[in-house]
Structures are given as C-alpha cells and as structure tokens.
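Participant: If you scroll down you'll find the structure; I have some questions about it.
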Amino acid sequence: MYEWQQLIQLIVDEIDTCIEHSYSEALTLRLLSRKLGYSEFYTTRKFKEVAGMSFRDYLWKRKLAFALKEVRDSEKSLLTIAFEYGFSSHEAFTRAFKKVFGIAPSEYRKNPQPVILRTKILAFDRYFLGLGEIGMQKTTEELKIYFVTIPAHKFLHVSNNESNGYWDFWKKQSEIPGQDCDTISGLLDSIKGKLDDDGGSQSNSGSGQLMAYINDPAGRLCDWGFPRIECYGARLPINYAGEVPEQMTMTDIPEAEYLVFEHGSFDYEQENRSIEEKMETAMISFDFNGTGYSYDTSPGRIIYMYHDPARYWKYIRPVKKYSEA
C-alpha cells in the first residue's frame with residue numbers, strides 16, 4: 001500500500017505542476033498512468049482507493065481552486081481564466097464554479113467570501129504513516145535564535161484543548177462537523193490577504209496557514225510544561241474586515257515581543273524528526289541570562305509554529321521583560 005501512496009503522490013505533484021505551468025496536454029490519466037507503468041484502469045482504481053475520490057473529480061476541483069484565486073486576485077477576464085484552466089466556454093466555467101463554490105465567478109470577484117477549496121492531497125506522508133524519517137541526509141543549516149516585535153494583527157482559527165500534536169489535532173477535529181482538515185484548510189486557502197501567504201496552495205505551507213498554541217490555564221500541558229490550547233489558522237491584518245466562517249474564531253493579537261527559533265530548509269522525509277528534536281532542545285535549554293527577558297506564559301499569549309520544509313521551521317514564542325514579571 002505504501003508503494004501506491006508514493007505513486008499517487010507523484011501524480012498529485014504532477015497535477016499541480018501541470019496546472020501551474022498550463023501543461024494541459026499532460027494532464028490526462030493515460031499519460032500519467034504510463035509514467036507509472038500501469039494501465040489507466042488500474043491507476044484509476046488505485047487513485048480513488050488512496051485519495052478517496054476519483055482522478056477526474058480531484059483534477060476538476062483542483063483546477064477550480066487555482067482558477068478561483070485568479071478570479072479573486074487578477075484582472076484577467078473570466079473567459080480568459082476559463083480557457084486557461086481547461087473550460088470550453090464562459091458558461092461552462094460559471095456552471096462548474098457555481099456548482100462547487102455556490103456562487104458565480106462574477107459575483108465572487110465583486111465580493112470574495114470564504115469558500116472551501118480543494119487543497120493538495122498529501123497521499124504519502126512518512127510521519128502520518130508511522131514510517132519516521134529516512135535519516136540519510138543531515139542538513140548543515142544552523143538554528144537561528146532572535147527576538148522580534150510583531151505588530152498587532154488578527155488570528156483566524158479553529159482550536160482544540162484536548163489534542164496533543166498535529167495529527168492528533170486533526171483526528172479530533174475530524175469528529176466535529178465542518179472542522180475537518182480538508183474543510184478548514186480549504187476555507188483558509190480561499191481567504192485573501194493572509195499575512196504569511198506567498199501564493200502556495202498546500203495546507204500548512206506557503207498558503208499562510210499555521211499551527212499555534214494559546215496559553216490557557218484550563219488547557220493541557222505542552223511538552224515544555226506550559227498550559228496550551230492547540231489551534232490551526234492564519235494571521236490576518238489588524239484591519240481585516242472580511243467574513244468569518246461560522247466554524248472559526250477571530251482573535252485580536254496585540255503588538256508584542258517574541259523569541260524566534262528558526263531552522264532553514266530541510267528534507268522532510270529524511271530529517272523532520274531530527275530537526276524537531278533540535279528545535280525542542282533549543283527551546284527548553286535557552287538561557288535567558290543577560291537578555292532581560294523570560295518566556296511569557298500568561299493567558300492569551302500565542303505561540304506560532306511555521307512548518308514549511310522548503311523554507312524553514314519556526315517557533316515564535318511570546319516573551320516579557322523581567323520588569324513585567
């Protein structure tokens with residue numbers, strides 16, 4: 001089964017590459033099946049088994065996710081966008097857009113609102129599958145530690161005070177109607193103006209989505225010994241006035257000082273656990289002597305965690321001056 005999860009991941013990666021570069025002629029199941037060395041029928045069956053949906057449905061919804069961002073962010077005509085993403089006419093594009101998102105593209109352009117996009121499937125994840133890291137490569141990147149002042153902003157999120165870690169968080173969220181990973185990630189992906197959005201489209205990477213932990217006396221103790229509630233969401237400008245999805249919470253985060261632990265890019269499959277241990281050790285053993293600061297564990301303070309192996313892994317932890325203790 002692991003072999004097919006890897007193969008389906010290759011197809012999923014190829015789909016995004018082809019959509020991004022307008023290689024529509026390469027986006028056929030026949031060609032993709034040939035690359036894997038299997039029949040179209042067998043690949044179709046295995047894709048649905050691994051991905052939970054047909055190849056056709058996934059491709060269709062993924063194209064619409066890319067097209068929606070073009071409608072939202074570009075000045076291209078809707079007809080141009082329709083053709084670029086493989087629709088035969090303006091009418092065909094409008095029908096598909098409205099069927100999936102419940103609103104016509106012309107209306108959405110006038111008034112963007114949170115909708116559920118089809119985020120990229122992660123069919124093969126070593127940690128989710130319990131395989132751990134390969135451990136064949138060790139990065140030479142050093143861990144950077146520095147203080148920053150982060151301006152006031154908003155944090156749009158879902159939270160869980162019973163979970164322990166990323167996978168457990170989503171397992172528990174999946175038991176709450178409308179708060180599963182696909183729904184929440186898809187909603188966040190559609191929101192314009194996220195502070196950490198670099199145009200990516202995969203959950204918890206470049207699309208401005210991140211884990212966070214809010215200090216709360218009633219929460220569970222985290223690995224560092226502090227009470228916390230686990231959250232998943234996106235940072236937004238302090239003046240954000242858009243619609244808030246009914247299953248999410250918007251919190252105002254005031255300007256404050258933080259201590260950042262940042263590791264550069266690394267190979268996720270080969271190094272993730274090693275880098276995680278390195279980060280945790282650095283945070284636990286950090287010596288505040290001479291800095292004038294200490295960790296701030298007061299209720300309401302927030303810890304951000306950015307996990308984007310292609311760029312960095314960062315923990316941003318709240319601090320306070322000794323005089324404030």
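The values are calculated or read from the model by the stated rules, or taken from the named source; none is laboratory data. Quick caveat: nothing in here was measured; it's all calculated off a predicted structure. Neighbour counts are summed over all protein chains in view; Cβ atoms, including those assigned to glycine, are modelled from backbone coordinates with ideal geometry.
Participant: Is it the case that some residue within the range 106-127 is surrounded by 18 or more Cβ atoms within 10 Å (Cβ to Cβ), modelled with pLDDT of 95 or more, in contact with a helix residue (DSSP H, G or I) (Cβ under 9 Å, 6 or more places away or on another chain) and assigned to a strand (DSSP E or B)?
Facilitator: no
Participant: Tell me which residues, restricted to the range 251-308, are among the small types (Gly, Ala, Ser), without any contact (Cβ under 8 Å) to a residue 40 or more places away in the chain and at negative phi. Steps first, answer last, please.
Facilitator: Filtering the range 251-308 for residues among the small types (Gly, Ala, Ser) gives 256, 264-265, 274, 282, 285, 290, 292, 294, 298, 300.
Narrowing further to those that are without any contact (Cβ under 8 Å) to a residue 40 or more places away in the chain: 285, 290, 292, 294.
Across the range 251-308, the qualifying residues are Ser285, Ser294.
Participant: If I ask for residues that are surrounded by 13 or more Cβ atoms within 10 Å (Cβ to Cβ) and more than 27 Å from the chain's Cα centre (by Cα), which ones from the range 265-294 would you list?
Facilitator: Selection gives Phe286, Thr291, Tyr293, Ser294.
Participant: Give the number of residues within the range 306-325 that are at pLDDT 95 or above and either hydrophobic (A, V, I, L, M, F, W, C) or not assigned by TED's automatic domain parsing to the domain that holds Ala282 (or both).
Facilitator: 2
Participant: Might you check whether a residue that is within 26 Å of the chain's Cα centre (by Cα) and touching a residue at least 60 places away in the same chain (Cβ under 8 Å) occurs anywhere in the range 41-55?
Facilitator: yes
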